[in-house]
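The structure under discussion appears below in the form of structure tokens.
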Amino acid sequence: MYLFGYKLPGMSSLILWGLLWEFLGQIEVSFFLPPLSAIFNTLLEIYNSKAFVRALYETGYSFLAGIFFAVFIGIPTGILMGKNRFLDELLLPWVNVFMSAPLTALVPVLMVLFGFGLKSIIITTTLFAIWIIILNSRAGVMQINRSLVDMANSFGASPIDAFIKIYFWAALPEILGGVRIGFIRAVKGVIIAQLLISIVGFGALFELYSSRFLMTHFWAVILVLFALAFTLSELLGMLARRVDYYASKRSQ
Amino acid sequence: MSDQTTDNAVSVKNIYKNYGEIEALRDLSLDFPNGQLTSLLGPSGCGKTTLLKIIAGLLPATQGEVFVNGSLVTKPGPDRAFVFQDFALMPWASVLRNVAFGLELRGVNKNEREDIAAKYIKDVGLVGFENSFPHELSGGMRQRVGLARALSVDSPVLLMDEPFSAVDEQTRRKFQEDLLNLVKNENKTFIFVTHSIEEAVYVSDQIAILLPRPSRVSEIIKPKGFRNKDVDSIRKDREYLDTVESIWKSLRTYVE
Ligand SMILES: Nc1ncnc2c1ncn2[C@@H]1O[C@H](COP(=O)(O)OP(=O)(O)OP(=O)(O)O)[C@@H](O)[C@H]1O
Ligand SMILES: [Mg+2]
């Protein structure tokens, strides 16, 4: 962004929006919109409170567990689908259905099946992330250079060797692209699940704050969640740019 | 199959290959004498790569048999190594790991295989590039890596699918000279696919001319007189020029 010909540092427009928020808050346009400064003050009060730390921990835990399953089930499944025509025809319709399905609607079912605890949240997170990881790994394997496969076979590679030493690496740029999008979807999954289940993690906090009309608390939590999600996706974006560099060299 | 132990390192017997409706090879038979270089020469799409892959065991024949040193080919084996037209290097691996990869897949331990790889990297003139990656090398250097990889598994039969077609003309001539020395010094059987008549006549002990699909061997030519001349005078040799000319005459009817 430029102002009077000077280049401003990235995201300095945020300051402008922050000031606007503060102003609207101070003139009390709405009860639901407290001044930004008050929200930050609340954040400083609650950030090391027991409930907040616990919510953060539970969110982090379910997020990592959900991602873990999505990655370690999704990548091998995608690679196998890309390699094996039969498996592909068997699974692809389902993957595509779940890829575009409104998964939020499934959360109540999961709650019934797996209870109102972390387990349901983890499964929801996995379900949000896994399909794109499968599809991307599959696409990565399908674009693999045939002669690399022939090369490995001509030297007598076992199926396991070919899987680990050729297919995985050849598909790596696409796989990581899928993992990146999977992460972003998992952030949504972990939040949505908590909101719907609403007795653990931030879901419980939201429930508590909004039922007591603690607006500054409510906004403080939202700001934290937005900041977390944004930081995570920026970090993954940086990683992805490095992988893209490698991918552009790959074709040669 | 006791009568298969002849002077032929590879024998192809009555091979048929269909890709669905497409009939690529029909009743093709050909022998590859031990320690010699045989070229497969023919128009584009006539099935040279197909034949080479069948010999390599990468592709099943629809009908017919291939014998390597007397034993029937059913899958790839340590008695054959492949050099690929597009090099088939792993872009994520260094030159050293690429060259050693054949040995890695055969379970040779790391120190040993890297020692062997280093020797062949030296032989192909890539000392100093052990830790480079394929994208940092020129096309010619990449094919040297592919060649070193095939040599380092020390197979008696080397299968080369248009190995020099993706490198520039000067490099190509250098490679052809190197190949002649390789045939002379290593006691290996070379099966060499090429489009180029000049290249085939220059490097081969035996040239098999394949006809367009469905393909079979139409003619076998064995240049004799200039084989032992030094590399520089071959291209001026009378027999060399005549052979090139006569192959062109028999192939030109198919190029229209
Ligand atoms: N996987 C495949 N499926 C269907 N047809 C194929 C397949 N591979 C090759 N063919 C066909 O078989 C024929 C022979 O192919 P092949 O690649 O062996 O020819 P080639 O002599 O190596 O050609 P070039 O000189 O262009 O490399 C071609 O007509 C090709 O279209
Ligand atoms: Mg070919």
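With label points built 7 Å along Cα→Cβ from the Cα atoms of B:Asn185 and A:Glu28, find their separation and express it in nm.
With each label placed 7 Å out from Cα toward Cβ, I get 9.4 nm.
If you take every DSSP beta bridge fully contained in the protein assembly as shown, what fraction is antiparallel? Give it as a percent rounded to 5.
Values: 21 of 40 bridges.
DSSP beta bridges in the protein assembly as shown are roughly 50 percent antiparallel.
What whole number of Å gives the distance from the Cα centroid of the range A:161-183 to the Cα centroid of the range B:119-157?
27
How many percent of all Cα-Cα pairs in the range A:37-248 sit more than 32 Å apart?
Details: 6536 of 22366 pairs.
Across the range A:37-248, Cα pairs with separations above 32 Å total 29 percent.
At a Förster distance of 25 Å, what's the computed FRET efficiency of A:Ile199 paired with A:Ala38, Cβ-Cβ distance as r, to 0.05? Before the final figure, lay out the partial values.
On the way: r = 28 Å, r/R0 = 1.11.
With R0 = 25 Å, the Cβ-Cβ based efficiency is 0.35.
Residue by residue, what Karplus-based ³J(HN,Hα) values in Hz, rounded to whole numbers, does the range B:78-83 have, using 6.51, -1.76 and 1.60 with θ = phi - 60° and x for Gly and Pro?
Running phi through 6.51 cos²θ - 1.76 cosθ + 1.60 with θ = phi - 60° gives x, 7, 9, 10, 10, 10 Hz.
Report, to the nearest 10°, how far helix A:13-26 tilts away from the longest principal axis of the Cα atoms in chain A, using its own Cα long axis and a range of 0 to 90°.
30
Let me have the relative contact order for the range A:48-198, percent, based on Cα pairs under 8 Å that are six or more residues apart. Provide the component values of the computation, followed by the final result.
On the way: 178 pairs, mean separation 53.8, N = 151.
Relative contact order for the range A:48-198 comes out at 36 percent.
Helix-only estimate, please: 222 nm mean residue ellipticity of chain B, summing -39500 (n - 2.57) across DSSP H runs of length 4 or more and dividing by its residues, to the nearest 500. Intermediate results must be reported in sequence, preceding the final value.
Values: 8 runs with 91 residues, N = 256.
Only helices count here, giving -11000 deg cm²/dmol.
Amide H to amide H under 5 Å from B:Val217: which residues, 5+ apart in sequence or cross-chain, H placed 1.01 Å off N in plane?
Result for B:Val217 returns B:Ser29.
Tilt of helix A:85-100 relative to the longest C-alpha principal axis of chain A, in degrees (0 to 90, nearest 10)?
The angle comes out near 10 degrees.
Using alpha carbons only, how many angstrom separate the centre of the range B:201-228 from the centre of the range A:129-160?
When both Cα centres are located, 37 Å separates them.
Strictly over 19 Å apart at the Cα level, which of B:Lys184/B:Lys224; B:Lys53/B:Lys222; B:Lys174/B:Lys222; A:Lys83/A:Lys165; B:Lys122/B:Lys174; B:Lys174/B:Lys236 would you flag in this model? Write out the running numbers ahead of the final one.
Working: B:Lys184/B:Lys224 15 Å; B:Lys53/B:Lys222 24 Å; B:Lys174/B:Lys222 23 Å; A:Lys83/A:Lys165 14 Å; B:Lys122/B:Lys174 16 Å; B:Lys174/B:Lys236 17 Å.
Pairs exceeding the cut-off: B:Lys53/B:Lys222; B:Lys174/B:Lys222.
Roughly what angle does helix A:50-83 make with the longest principal axis of chain A, taking Cα atoms, 0 to 90 degrees, to the nearest 10?
Between the helix axis and the principal axis of chain A, the angle is about 20 degrees.
Tell me the mean residue ellipticity at 222 nm calculated for chain A from its helices only (DSSP H runs of n ≥ 4, each -39500 (n - 2.57), averaged over every residue, nearest 500). List each step's numbers first, then the result.
Values: 10 runs with 190 residues, N = 252.
Computed ellipticity for chain A at 222 nm equals -26000 deg cm²/dmol.
Please identify the trypsin sites (Lys or Arg not before Pro) of the range A:152-197 that satisfy two criteria: DSSP loop assignment and at most 16 other Cβ atoms within 10 Å. Which are they? Numbers along the way, then the final one.
Values: sites: A:Lys165, A:Arg180, A:Arg185, A:Lys188; in loops: none.
In loop regions of the range A:152-197 (DSSP not H, G, I, E or B), there are no sparsely surrounded trypsin sites (Lys or Arg not before Pro).
Name the helices (complete DSSP H segments) of chain B with a Cα length along the long axis of 15 Å or more and a Kyte-Doolittle mean of at least -0.5, or state none.
Flagged H segments are B:95-105, B:139-152.
Readers should treat all values here as calculations from the given coordinates under stated rules, not as data from a laboratory. Note that the structure is a prediction, hence the values are computed from the model and not measured. We place every Cβ from the backbone using ideal geometry, glycine too, and count neighbours over all the protein chains shown.
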